[in-house]
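Heads up: the structure comes next, in structure tokens.
The values are calculated or read from the model by the stated rules, or taken from the named source; none is laboratory data. All figures in this text were calculated on a predicted structure; none of them were measured in a lab. No Cβ is skipped: glycine too gets one built from the backbone with ideal geometry, and neighbour counts run over all protein chains shown.
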């Protein structure tokens with residue numbers, strides 16, 4: 001894919017839902033879409049690798065154990 005320096009990303013509409021979340025409609029070119037998906041996948045993979053590097057007991061017990 002050809003490299004571009006500019007990203008075409010336009011927010012068309014944002015609608016709020018009753019539960020506090022929102023829906024966002026955006027337009028973007030194929031290059032921007034590819035780079036956005038690539039960044040998301042890389043972020044997920046980094047988080048998974050960091051999680052797997054922690055010892056098993058820290059993955060199971062999420063709260064800190066303190067000496068009282």
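Residue-by-condition table, conditions (1) surrounded by 10 or more Cβ atoms within 10 Å (Cβ to Cβ); (2) out of contact with any strand residue (DSSP E or B) (no Cβ under 7 Å at 6 or more places or on another chain); (3) at pLDDT 95 or above; (4) not in a helix (DSSP H, G or I):
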{"residue": "4", "(1), (2), (3), (4)": "yes, yes, no, yes"}
{"residue": "7", "(1), (2), (3), (4)": "yes, yes, no, yes"}
{"residue": "31", "(1), (2), (3), (4)": "yes, yes, no, no"}
{"residue": "35", "(1), (2), (3), (4)": "yes, yes, no, no"}
{"residue": "50", "(1), (2), (3), (4)": "no, yes, no, no"}
{"residue": "58", "(1), (2), (3), (4)": "yes, yes, no, no"}
{"residue": "67", "(1), (2), (3), (4)": "no, yes, no, yes"}
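Only one entry of 25, 18 meets the criterion of being out of contact with any helix residue (DSSP H, G or I) (no Cβ under 6 Å at 6 or more places or on another chain), surrounded by 10 or more Cβ atoms within 10 Å (Cβ to Cβ) and either in a strand (DSSP E or B) or modelled with pLDDT of 95 or more (or both), and that entry is 25.
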